[in-house]
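What follows is a set of notes on a single structure, which appears directly below.
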Amino acid sequence: MSFLENESVHLVVTSPPYPMISMWDEQFSKIIPGLENDLLENPVTAFEKMHTVLDSVWRETARVIRPGGIVAINIGDAVRTIHGDFALYPNHSRIIESMLRNGFSALPPILWRKQTNAPNKFMGSGMLPGGAYVTYEHEYILIFRKGSKRIFSEEEKKIRAESAYFWEERNIWFSDLWEFKGIRQIMDSDVRFRSAAFPLELPFRLIQMYSMYGDTVLDPFVGLGTTSLAAMISGRNSLGVDLEAGIFSLSKMDIEKISTEIVSRRFQNHVSFVQKEIQNGREFRHINETYDFEVMTSQEKKIQFYQAREIQKISEEKWIIHHNAYFPEAGKKVS
């Protein structure tokens, strides 16, 4: 990422190739001589060599992110059978080790539970003791910070107040357990068979939680561009890097429609929350100054939503998105 300046990024949201997951063997083998043999003869060595490749990205991440910036990494551990021996390869702990070596502080992580009803999800010898394995239905969202907490200027404090989220959103987003399904992985692409993409909800939440309007969000494994899309509809700047440019697919997405749907849903969800709480006897002491509805805390009084408008495609790699302030009444849009 040499084209990026030092300390130019506010937030990183990414999901790298998962070492020891077979779909990534070919990509790692292009970079690591002799990896195919290591996978057969010494899988622990193969595991370490794959992470050495990722280590170079984490070093660059430490260079480009600003002091106080957050790095959120979605990673799953790998389970694999080699020569008849089934084992787990702890990708999340190896990445934590690397990030600590690069000077980051580890913050409490999130478990993303991707429960499935597939009949073959149980591994091993069925109902016979001693040969079955625990069903593995979660991934990690590891959270790291560079240095101490971010310091905001007086101007940034105003933008930060507009970028706040609702109290009830905070209670869901800052839980250590997220439960929503992944997305369909089959791709219509000559690059690879499976996309390995996470659902939009994942980077969208993280961007609201750890950045504000106008910040720059980086995904060093951008893939289909889901993080970039989440940044675009959130009023943030976006940078994405990938070795396989052929799968980047923002051109297939209706950015304006997705933006409007998400903003409208957040707005209506809050209105419904307030109505339900009032019916249950709760009294609200604060009013949002933009939308004139009740909010739980004084920190929500300045919340302002924006929606994507005027999508300009400069090239396949560069887009410019203009945003308007959101108001639910038809025609009441302020640039």
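Suppose the filter is modelled with pLDDT of 95 or more and of a type outside the set (Asp, Glu); does Met187 pass it? Against the criterion (modelled with pLDDT of 95 or more and of a type outside the set (Asp, Glu)), Met187 does not qualify. All of Phe327, Phe284 fail the test of being at pLDDT 85 or above and more than 20 Å from Arg170 (Cα to Cα), apart from Phe327. In region 266-289, the residue that is nearest to the chain's Cα centre (by Cα) out of those that are part of a loop (DSSP other than H, G, I, E, B) and surrounded by fewer than 16 Cβ atoms within 10 Å (Cβ to Cβ) is Glu289. Scanning region 129-153 for residues that are assigned to a loop (DSSP other than H, G, I, E, B) and over 30 Å from Gly103 (Cβ atoms) gives Pro129, Gly130, Gly131, Ala132, Val134, Thr135, Tyr136, Glu137.
List the pairs whose first member sits in region 152-165 and is in contact (Cβ under 8 Å) with a residue 40 or more places away in the chain, whose second member is acidic (Asp, Glu), and whose Cβ atoms are under 6 Å apart, counting only residues at least 6 apart or on separate chains? Going by the 6 Å Cβ cut-off, the qualifying pairs are Ala164/Glu300.
On inspection, Asp254 does not qualify as under 24 Å from Lys157 (Cβ atoms), loosely packed, with under 14 Cβ neighbours inside 10 Å and either in the same structural domain as Trp319 (by TED's automatic domain parsing) or out of contact with any Ser or Thr (no Cβ under 8 Å at 6 or more places or on another chain) (or both).
I need a count of the residues in region 156-184 that are part of a loop (DSSP other than H, G, I, E, B) and modelled with pLDDT of 95 or more.
Count: 7.
Just one of the listed residues (Arg80, Arg94, Arg101) is of a type in the set (Lys, Arg), at pLDDT 95 or above and surrounded by 14 or more Cβ atoms within 10 Å (Cβ to Cβ), namely Arg94. Residue count for region 1-21 satisfying the condition of being modelled with pLDDT of 95 or more and surrounded by fewer than 13 Cβ atoms within 10 Å (Cβ to Cβ): 2. Comparison of Ile95, Ile82 shows that the only residue that is within 18 Å of the chain's Cα centre (by Cα) and on the phi < 0 side of the Ramachandran plot is Ile95. Report the residue count in region 21-71 for those that are in contact with a strand residue (DSSP E or B) (Cβ under 8 Å, 6 or more places away or on another chain) and among the basic types (Lys, Arg). Looking only at that region, the number is 1.
Just to be sure, is Met127 of a type in the set (A, V, I, L, M, F, W, C) and at pLDDT 95 or above? No, not satisfied. Considering region 1-112, the qualifying helices (runs of 4 or more DSSP H), each wholly inside and each with 3 or more residues that are closer than 17 Å to Asp242 by Cα and either among the hydroxyl-bearing types (Ser, Thr, Tyr) or touching a residue at least 12 places away in the same chain (Cβ under 8 Å) (or both), run over 25-31, 43-64.
Of all positions in region 56-78, at least one carries a residue that is out of contact with any Pro (no Cβ under 9 Å at 6 or more places or on another chain), under 28 Å from Thr135 (Cβ atoms) and in the same structural domain as Thr216 (by TED's automatic domain parsing). Listed conditions (1) touching a strand residue (DSSP E or B) at 6+ places or on another chain (Cβ under 7 Å); (2) modelled with pLDDT of 95 or more are all met by Gln299, apart from (1).
Looking across region 138-157, the residues that are among the charged types (D, E, K, R) and exposed (fewer than 13 other Cβ atoms within 10 Å of the Cβ) come down to Lys149, Glu154, Glu155, Lys157. Set side by side, the residues Leu218, Leu243, Leu224 differ, and just one is out of contact with any Ser or Thr (no Cβ under 9 Å at 6 or more places or on another chain), in the same structural domain as Glu154 (by TED's automatic domain parsing) and of a type outside the set (Gly, Ala, Ser), which is Leu243.
The values are calculated or read from the model by the stated rules, or taken from the named source; none is laboratory data. This one's a predicted model, so the numbers in the text were calculated from it and none came from an experiment. Neighbour counts are summed over all protein chains in view; Cβ atoms, including those assigned to glycine, are modelled from backbone coordinates with ideal geometry.
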